[in-house]
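A.B. asks: First the structure, then my questions, so here it is.
The values are calculated or read from the model by the stated rules, or taken from the named source; none is laboratory data. These numbers come from a predicted model, not from an experiment. Here Cβ is always computed from backbone atoms with ideal geometry, including for glycine, and neighbour counts include all displayed protein chains.
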Amino acid sequence: MLPATLFTNGERVRPRIGEPRSRHGFTLIETMTAMAILALVGGTLMANMAATTNTSQDAVDRAIAQGMAQQLLDEICGMKYAESLGTEYDTGIGPGSPETSAGARKEFDDIDDYLGVNTSVPTDRWGIALGTDNGRQGSRLAAFRAPSTFFTGWRQQVDVFYVNDTNLATKLTSGTSSHRKIEVRITAAQADGRIRELAYISRVVAYVPGN
């Protein structure tokens, strides 16, 4: 059978036998290449989304931890400088048995009682986990509590020590002064065992003799 006759500009044109026809669609290799590129781009997008999510969660964690640290520091600074029956220059600072036997921090009444506070999960003064406490020695309604596992691995830590009277950046390893420094840290344990510091806040307080 003779090839079909084509007309171009009114003239008959016979296609040459063996001439390749116009090709439509993709070959298998082109399709596989396109899929590989899409997979690579998709993986990159997913990685970026995961990184963004982790960054956002880290920012939320740090904001919450900063509030925790500030709340604890305010609690400490609202206490007396020293024990009523002791002196402002006691070398043996730290909570006594009456304070610790009561549990939590409910009987702490001076700044140095907070030396060595190391609590996981972070709690309020009465030992109720933060995120569930109502601020009045009780728990808030269940609908308003943080998820039970939200603060798993979180820890609040306090250090109290004397600093040099003329150089408040110098920690005294022995002896006393008229200034104490309070350091509060909020940390979180990671799945790989590393400890991540979420918040750190400090303040130097001074003893002012009464008249």
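A.B. asks: Out of all the residues in region 124-157, which are closer than 19 Å to Leu73 by Cα, loosely packed, with under 15 Cβ neighbours inside 10 Å and small (Gly, Ala, Ser)?
C.D. replies: Gly127, Gly135
A.B. asks: Is there a residue in region 132-142 that is of a type in the set (A, V, I, L, M, F, W, C) and within 22 Å of Ala69 (Cβ to Cβ)?
C.D. replies: Taking every residue of region 132-142 in turn, none turns out to be of a type in the set (A, V, I, L, M, F, W, C) and within 22 Å of Ala69 (Cβ to Cβ).
A.B. asks: Confirm whether Glu183 is over 21 Å from Ile201 (Cβ atoms), of a type outside the set (Ser, Thr, Tyr) and surrounded by 15 or more Cβ atoms within 10 Å (Cβ to Cβ).
C.D. replies: Answer is no for this residue.
A.B. asks: Given the structure, is Ile64 at pLDDT 65 or above and either exposed (fewer than 10 other Cβ atoms within 10 Å of the Cβ) or in contact with a Ser or Thr (Cβ under 7 Å, 6 or more places away or on another chain) (or both)?
C.D. replies: Criteria not met by Ile64.
A.B. asks: Any residue in region 112-136 that's touching a residue at least 40 places away in the same chain (Cβ under 8 Å): show its pairings with residues that are of a type in the set (Ser, Thr, Tyr) and surrounded by 15 or more Cβ atoms within 10 Å (Cβ to Cβ) at Cβ separation under 7 Å, as long as the two are six or more apart or on different chains.
C.D. replies: Note: pairs meeting the criteria are Leu130/Thr123.
A.B. asks: Let me ask another. Assuming Val163 fulfils every condition listed in (1) over 28 Å from the mean Cα position of the chain (by Cα); (2) surrounded by fewer than 15 Cβ atoms within 10 Å (Cβ to Cβ); (3) within 19 Å of Tyr81 (Cα to Cα) apart from one, which condition is it?
C.D. replies: Result: Val163 fails condition (2) only.
A.B. asks: When the residues of region 136-186 are narrowed to those that are in a loop (DSSP other than H, G, I, E, B) and of a type in the set (D, E, K, R), which ends up farthest from Asp113 (Cα to Cα)?
C.D. replies: Arg145
A.B. asks: For region 90-122, name all the residues that are farther than 19 Å from Gly135 by Cα, acidic (Asp, Glu) and surrounded by 15 or more Cβ atoms within 10 Å (Cβ to Cβ).
C.D. replies: Glu99, Asp110, Asp112, Asp113
A.B. asks: What pairs can you find where one residue is in region 60-72 and of a type outside the set (A, V, I, L, M), the other is not in a helix (DSSP H, G or I), and their Cβ atoms are less than 6 Å apart, with a gap of 6+ or different chains?
C.D. replies: Taking only residues 6 or more apart or on different chains, the pairs are Asp61/Leu198; Arg62/Leu198; Gln66/Ala199.
A.B. asks: Let me ask another. Out of everything in region 77-100 that is in a loop (DSSP other than H, G, I, E, B) and of a type in the set (Ser, Thr, Tyr), what residue ends up being nearest to Ala206 (Cα to Cα)?
C.D. replies: Applying the filter and picking the extreme gives Tyr81.
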